[in-house]
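Below: one structure, written as structure tokens.
The values are calculated or read from the model by the stated rules, or taken from the named source; none is laboratory data. Predicted model only: the values in this text are computed from it and were never measured. Cβ coordinates were reconstructed from backbone atoms using ideal geometry, including for glycine residues, and neighbour counts include every protein chain displayed.
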């Protein structure tokens, strides 16, 4: 058996934490259902003509982020991945090697496979970042205004450009005539570079026909 250069393949992992809908993109907070009238929520659907990339570009921490989810997202070279199982499990060349192959390749054999020794985290400021977008639902924004005014909300309220919680702890962001405590930071390059490219690509593609 030819032993592959398993340590030539180092998965590139991205730390991440779910981001939330930026309040500044909400067209209307008027309740549209009986339930929302009672619970003071609104329809958090994506605004027409906007993309998830733009509307959810609101990280709750500046890079490099420390408060992240334990389940990182990794990028592998295609020829290193043998099988992929939804949701997370990945069978790679190294994970399928037995004791003889592992020792012959210079690795240390362990009955329990560990990804960490062969994992490298991307530099968020120089290499790339992951925006973990996932649509929020009405029940996550019940009584949204009172919770936002208290600074305890799942809606993103952007810090004004050039400000942050360290330099400007008392800064406020004005939306819909009210002042809220900011809680998230957009990734500038997403707004200035990637969003226009995505919108242009979508316009060229047109509406898909199913």
With the first residue restricted to region 57-82 and required to be more than 15 Å from residue 133 (Cβ to Cβ), and the second required to be modelled with pLDDT under 70 and buried (at least 16 other Cβ atoms within 10 Å of the Cβ), Cβ contacts under 6 Å at 6 or more apart or on different chains are 74/11; 76/11; 77/9; 80/9
Restricting attention to region 14-36, which residues are over 29 Å from residue 128 (Cβ atoms) and either in a helix (DSSP H, G or I) or in contact with a strand residue (DSSP E or B) (Cβ under 7 Å, 6 or more places away or on another chain) (or both)?
34, 35, 36
So, in region 142-164, exactly how many residues are within 21 Å of the chain's Cα centre (by Cα) and either over 15 Å from residue 184 (Cβ atoms) or surrounded by 14 or more Cβ atoms within 10 Å (Cβ to Cβ) (or both)?
7
Residues of region 22-36 classified as surrounded by 15 or more Cβ atoms within 10 Å (Cβ to Cβ) and modelled with pLDDT under 90, total:
0
Options 169, 160; residue that is closer than 21 Å to residue 61 by Cβ and either in a helix (DSSP H, G or I) or in contact with a strand residue (DSSP E or B) (Cβ under 9 Å, 6 or more places away or on another chain) (or both)
160
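Matching residues to (1) under 22 Å from the mean Cα position of the chain (by Cα); (2) surrounded by 10 or more Cβ atoms within 10 Å (Cβ to Cβ); (3) not in a loop (DSSP other than H, G, I, E, B):
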site	(1), (2), (3)
182	yes, yes, no
194	yes, yes, yes
197	yes, yes, yes
204	no, no, yes
208	no, no, no
Count of residues meeting criterion [touching a helix residue (DSSP H, G or I) at 6+ places or on another chain (Cβ under 8 Å) and either loosely packed, with under 12 Cβ neighbours inside 10 Å or more than 17 Å from residue 175 (Cβ to Cβ) (or both)] in region 44-58
3
